[in-house]
Amino acid sequence: MNTQKNNSLGPFVVLTFIYFIVGFLTTVNGQFQGPLKIAFLSHTEELKNTLTTLISFFFFLGYLLNSSLGGRWINSHGYKSTLLRALAVMVGGLLTYSFSSWLVVHYGEAGINISADRIPYGYFVFLLGSYLMGTSAALLQVVINPYIAAYDLPGTQPVQRMNIVCAINSFGTTIAPFFVTGIMFAGVALESVTADQLLIPFLLIALCIVLTTVVTSRLSLPDIQGTRADSGEKLNRSIWSFRHLKLGVIAIFFYVGAEVSVGVNVNLHAMELIEAGHGLSFFGKDHLILWGLDLGIPALLATLYWGGFMVGRLTFSFFNQVSSRVLLVVTTLIAIVLTLIAIFTNNLWVLVSVGLCHSVMWSCIFTLAIKGLGRYTSKASGVFMMGVFGGAIFPVLQGVLADVWHSWQWTWMLVIVCELVMLYYALSGSRIKDAAECK
């Protein structure tokens, strides 16, 4: 087994770039909710919001069902092999996306009836692609998160390294909404998007991931001692016996639920306001025109939200003495206040500002949850990533409530519930009581 012999920057840079890809494609997947609502579900009425949010549901279902697989692969085959397998799954997901758009273009009338709605088969194929993409993202994060936390770079703390990597990840999430509207759809307004505009961009992205996989396979990625069990080695304790990890999985479930709900559903809320004639303006303009392309106010809202992640993570990456617990308490309290203001004023510009608070919560919860776990760390990372399934539950639940209440405004109370759970974890659930025995 290769082990870390020095503190070179190479592996850190490679994994940071791949984490950028994860953030970029995760947000691209979420941003397809609006376009697919138009291109794939134009003939649906009763279940339109519910079916649209199922795209995110299946993406994060991959986290729930396959995250633990990543931990087992790391223990059996090492970090690099698991990384390459995850990238291969990502290519499969992108090709499935392309096939779904091909089906809708050529066999758009073929489908099944659900309630009073006609759903094309291409929609279900896209859900499969979303599941594969979520599986890939889960496996990649199972590798990257513990590796970055344990990879000792001089003058840095684990939460600081996590914030640096997550800041680059957030850069990917920030540019993704404009990539979807400005590049993939060539500036066409969301209400005019067609399925044939998806085919070629997905094939080109798949080609980029293939090239990334080839390059990564030729790079050195040393193993990290003390973070995983050797092949065939049995661990004495159940991973679920560590209280702070178990509650950390619950906390990340609610965190990702809040993070993704705002990131992918703010577009749908914005579209609802525009359709109702309330309108949204940016410095007095109803459309955001750049170089002749209509990039859209909904895309701008999502970009500001994910951009807040990038700004927040870059800012806090310079602080190496800040307690993860204190930081989590402060940011959850501020997020609660901002979300309440947004709900009562129905102001989406205030709502997306919670991205600044959400930016550091992942790093705080992850470092608190795996602290002191030693050889259980890689397995704990796989278990921890199962909690990301919250990103599947809450956006769909919010979509169901929006259909029932015929409005998105009060559905954001779900975010308040999520913030309160994270506040509890920061104050009490993250305190270590039993990790010393695992070393």
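The values are calculated or read from the model by the stated rules, or taken from the named source; none is laboratory data. In this text the structure is predicted, and so the values were computed from the model without any measurement. Reconstructed Cβ throughout: ideal geometry from the backbone, glycine too, with neighbour counts over all protein chains shown. Heavy atoms of the whole protein, side chains included, go into the accessibility calculation; ligands, DNA and RNA do not. Shrake-Rupley method; radii C 1.70, N 1.55, O 1.52, S 1.80 Å.
So here's what we get for this one:
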item: Selected residue (criterion: modelled with the lowest pLDDT) from residues of the stretch 192-238 that are open to solvent by 80 Å² or more (accessible area, probe 1.4 Å), part of a loop (DSSP other than H, G, I, E, B) and not polar (S, T, N, Q); result: LYS234
item: Flag for LEU15 being surrounded by fewer than 21 Cβ atoms within 10 Å (Cβ to Cβ), among the hydrophobic types (A, V, I, L, M, F, W, C) and either at pLDDT 65 or above or closer than 16 Å to ALA392 by Cβ (or both); result: no
item: Residue among VAL89, VAL125, VAL105 that is touching an Asp or Glu at 6+ places or on another chain (Cβ under 6 Å) and at negative phi; result: VAL105
item: Neighbours by Cβ (under 7 Å, 6+ apart or cross-chain): first from the stretch 408-435, closer than 30 Å to GLU275 by Cα; second open to solvent by less than 70 Å² (accessible area, probe 1.4 Å) and not in a helix (DSSP H, G or I); result: GLN409/ASN346
item: Residue within the stretch 338-355 that is modelled with pLDDT under 90 and touching a helix residue (DSSP H, G or I) at 6+ places or on another chain (Cβ under 6 Å) present; result: yes
item: Test: residue in the stretch 399-419 that is surrounded by fewer than 20 Cβ atoms within 10 Å (Cβ to Cβ), modelled with pLDDT under 85 and outside any helix (DSSP H, G or I); result: yes
item: Count of residues meeting criterion [farther than 19 Å from HIS269 by Cβ and either free of Cβ contacts under 8 Å to residues at least 40 places away in the same chain or in contact with a strand residue (DSSP E or B) (Cβ under 9 Å, 6 or more places away or on another chain) (or both)] in the stretch 328-347; result: 4
item: Residue match in the stretch 348-361 (condition: more than 16 Å from the chain's Cα centre (by Cα), without any contact (Cβ under 8 Å) to a residue 12 or more places away in the chain and open to solvent by 20 Å² or more (accessible area, probe 1.4 Å)); result: no
item: Positions within the stretch 110-135 being in a helix (DSSP H, G or I) and either surrounded by fewer than 18 Cβ atoms within 10 Å (Cβ to Cβ) or among the aliphatic types (A, V, I, L, M) (or both), in sequence order; result: TYR121, PHE124, VAL125, LEU127, LEU128, LEU132, MET133
item: Looking only at the stretch 272-315, and only at residues there that are among the acidic types (Asp, Glu) and modelled with pLDDT under 75, the one that is least open to solvent (accessible area, probe 1.4 Å); result: ASP294
item: Selection status of TYR107, open to solvent by 10 Å² or more (accessible area, probe 1.4 Å), out of contact with any Lys or Arg (no Cβ under 8 Å at 6 or more places or on another chain) and not polar (S, T, N, Q); result: yes
item: Enumeration of residues in the stretch 68-95 that are among the hydroxyl-bearing types (Ser, Thr, Tyr) and more than 22 Å from VAL210 (Cα to Cα); result: SER68, SER76
item: Unmet criterion (only one of (1) open to solvent by less than 40 Å² (accessible area, probe 1.4 Å); (2) assigned to a loop (DSSP other than H, G, I, E, B)) for ILE74; result: (2)
item: Single unsatisfied condition, SER428 versus (1) in a helix (DSSP H, G or I); (2) small (Gly, Ala, Ser); (3) surrounded by 16 or more Cβ atoms within 10 Å (Cβ to Cβ); result: (3)
item: GLY30, sole failed condition from (1) modelled with pLDDT under 80; (2) surrounded by 23 or more Cβ atoms within 10 Å (Cβ to Cβ); (3) more than 17 Å from the chain's Cα centre (by Cα); result: (3)
item: Scope the stretch 374-398; condition within 16 Å of GLY70 (Cβ to Cβ) and open to solvent by less than 40 Å² (accessible area, probe 1.4 Å); matching residues; result: TYR376, THR377, SER378, ALA380, SER381, GLY382, VAL383, PHE384, MET385, GLY387, VAL388, PHE389
